[in-house]
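J.: Sending over a structure as structure tokens; questions will come in a sec.
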Ligand SMILES: [Zn+2]
């Protein structure tokens, strides 16, 4: 069943108590296993108050289009599922709220702003909490945003998203003594000019990011990578994507909380120009299902 229908059926059955957060900006489905999946970048509900200037086709290149469809079987297997319905270009849930690009604002930001030069590199690429530039380096706005406007996006999108991810991981960890959080993304076949620090890079089939073993036990990351390699895919670790805010914030392998970023190459399942699914979609989805089933049978404390 589609996650939204499942959510509606949960409401019909009076099971709201099992769903921690309700928001028009996210879709959250409670789990019953140690597994939590989230998709922060696949949202396509473009809000009326966005006020962007660039064309929609360009704006849509920011999406991890269709990632929610690749994993839509996961809730039936008992994994918790959290999905942003708002677009990444409106607010990037995989950023901290301190990653503010003040050049985009018409007044100073009243709260602390990031000072770490490594983190600031993303803001300089135009990819802070609120994006200034597309992956091709073109401006998203022809105006400056107000502080109140950005604060409203944080309240409506960032806060419910992070509350739901945290609650799902806490619930999984409470039930089972460990949690495995897969932070699900997709990447273009070739990196655009302003997407990463590696423009023009040809990406592997999968890139697994555990922030150099600090957000997931590296043995677990290897188990995921070896499963994918066994299916015939090419896998890279931590390059060019090592994992960002959602795995940094919730991963704590010493406490048996594992958060792994999984980037899948869009060429495997879609046409990057038309955004249509291609013939690779169903085989890829079947393979991802075997990965989820493998993880459901794996206790990382025994690795
Ligand atoms: Zn993404």
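J.: From the P(r) of the stretch 143-292, could you give the percentage of C-alpha pairs in the tail past 20 Å? Show your work: numbers first, answer last.
T.: Working: 6341 of 11175 pairs.
Percent of Cα pairs beyond 20 Å in the stretch 143-292: 57.
J.: Another one. Normalising by the residue count of the stretch 158-303, find the relative contact order in percent from Cα pairs under 8 Å and 6+ residues apart. Walk me through the numbers before you get to the answer.
T.: Values: 234 pairs, mean separation 41.4, N = 146.
So the answer I get is 28 percent.
J.: Still on this structure, I have one more. Rounded to the nearest Å, what's the spacing between the alpha carbon centres of the stretch 57-128 and the stretch 265-303? Just the number, please.
T.: 22 Å
J.: Sticking with this one: Considering the convex hull of the alpha carbon atoms of the stretch 236-303, report its projected area averaged over all viewing directions, in nm², one decimal.
T.: Numbers: hull surface 24.3 nm².
Averaged projected area of the stretch 236-303's Cα convex hull equals 6.1 nm².
J.: If you don't mind, another one. Relative to the longest principal axis of the C-alpha atoms of the chain, give the angle of the C-alpha long axis of helix 281-296, reported between 0 and 90° and rounded to the nearest 10°.
T.: Approximately 60 degrees, to the nearest 10.
J.: Cα axis of helix 159-176 to longest principal axis of the chain: angle in degrees, 0 to 90, nearest 10?
T.: Computed tilt is about 20 degrees.
J.: For the chain, what Kirkwood radius comes out of the mean inverse Cα-Cα distance, in Å? Don't skip to the answer; put the middle values down first.
T.: Working: mean 1/r = 0.0512 Å⁻¹.
Kirkwood radius, the chain: 19.5 Å.
J.: Specify the angular offset, from 0 to 90 degrees and rounded to the nearest 10, of the alpha carbon long axis of helix 218-230 from the longest principal axis of the alpha carbons in the chain.
T.: So the helix axis and the longest Cα principal axis differ by about 80 degrees.
J.: Could you check which residue among 158, 131, 109 shows the biggest mean-square fluctuation in a GNM of the chain with a 10 Å Cα cutoff?
T.: Maximum fluctuation in the GNM of the chain, among the listed residues, is at 109.
J.: Please give the contour-minus-distance gain from residue 120 to residue 56: 0.36 nm per residue of separation, less the Cα-Cα distance, rounded to one decimal in nm. Working shown, then result.
T.: Working: separation 64, 0.36 × 64 = 23.04 nm, distance 2.68 nm.
20.4 nm is the gain from fully extending residue 120 to residue 56.
J.: Please give the contour-minus-distance gain from residue 201 to residue 271: 0.36 nm per residue of separation, less the Cα-Cα distance, rounded to one decimal in nm. List each step's numbers first, then the result.
T.: Details: separation 70, 0.36 × 70 = 25.20 nm, distance 1.84 nm.
Here the segment from residue 201 to residue 271 would lengthen by 23.4 nm.
J.: Give me the percent relative contact order of the stretch 3-298, please, defined on Cα pairs under 8 angstrom at least 6 residues apart. Walk me through the numbers before you get to the answer.
T.: Working: 576 pairs, mean separation 58.8, N = 296.
Reported relative contact order: 20 percent.
J.: Between residue 109 and residue 252, what length in nm is gained on full extension when 0.36 nm per residue of separation is reduced by their alpha carbon distance?
T.: Values: separation 143, 0.36 × 143 = 51.48 nm, distance 3.04 nm.
Length gained between residue 109 and residue 252: 48.4 nm.
J.: Can you pull the one-decimal nm distance between simple spin-label points at residue 146 and residue 24, each 7 Å off the Cα toward Cβ?
T.: Taking the two extended label points, one gets 1.9 nm.
J.: Over all directions, average the projected area of the Cα convex hull of the stretch 74-116 and note it in nm². The partial results should precede the final answer.
T.: On the way: hull surface 19.4 nm².
It is 4.9 nm².
J.: Please work out the FRET efficiency for the pair residue 302 and residue 278, using the Cβ-Cβ distance as r and a Förster radius of 51 Å; give the result to the nearest 0.05. Display every interim value, and only then the final one.
T.: On the way: r = 38 Å, r/R0 = 0.75.
Computed FRET efficiency for residue 302 and residue 278: 0.85.
J.: Can you tell me what share of the DSSP beta bridges in the stretch 136-273 is antiparallel? A percent to the nearest 5 is fine.
T.: Numbers: 6 of 18 bridges.
Taking every DSSP beta bridge within the stretch 136-273, about 35 percent pair in antiparallel fashion.
Read-outs throughout are calculated quantities, based only on the coordinates presented, and are distinct from any laboratory measurement. Being a predicted model, the structure only gives us computed values, none of them experimental. In this analysis, Cβ positions are derived from the backbone assuming ideal geometry, glycine residues included, and neighbour counts consider all displayed protein chains.
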